[in-house]
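Have a look at the structure below, then the notes.
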Amino acid sequence: MYINKRVKFIGDNNQGYYIESKVMIMRNRIKELRFKNGLTQTQLAKDAKICRQTISLIERSKCIPSLLIATRISKVFNEPVTNIFIFEEEELF
């Protein structure tokens with residue numbers, strides 16, 4: 001998750017402070033593409049030369065893949081990285 005915008009608030013003593021108003025979220029389509037291509041996590045991991053646990057963590061958005069791992073996964077699916085990993089901006093409040 002990447003926070004990218006700030007909002008200024010003024011406190012009681014006229015001192016300003018900032019809080020973040022938006023975050024950048026990364027979604028992925030790995031599970032969808034695995035099912036479409038009939039692959040298990042183990043098969044995808046073997047083809048992408050990474051461990052199965054990494055695939056599981058990425059699918060569940062528990063970790064963000066390195067560019068190398070994202071590229072390896074995209075080659076297995078024959079899809080551009082940007083079609084697999086999608087960045088979206090979300091309001092915090």
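The values are calculated or read from the model by the stated rules, or taken from the named source; none is laboratory data. Treat the numbers as computed from the prediction; the structure is a model and nothing was measured. Quick note on the areas: whole protein, heavy atoms, side chains included, nothing else; ligands and nucleic acids left out. Shrake-Rupley method; radii C 1.70, N 1.55, O 1.52, S 1.80 Å.
Solvent exposure of the range 34-93 amounts to 68 Å² per residue of accessible area, where only protein heavy atoms count and the probe is 1.4 Å. When all protein chains stay in place and ligands, DNA and RNA are ignored, the 1.4 Å accessible-area order of CYS63, CYS51, largest first, is CYS51, CYS63.
The length gained on full extension between LYS36 and GLU89, counted as 0.36 nm times the residue separation minus their Cα-Cα distance, comes to 16.4 nm. Ranking THR71, THR40 from most to least accessible surface, computed with a 1.4 Å probe over the protein chains only, gives THR40, THR71.
Surface calculation, 1.4 Å probe, protein heavy atoms: ARG72 sits at approximately 80 Å² accessible.
Accessible surface comparison of LEU57, LEU68, LEU44, probe 1.4 Å, protein chains only, largest first: the order is LEU68, LEU57, LEU44.
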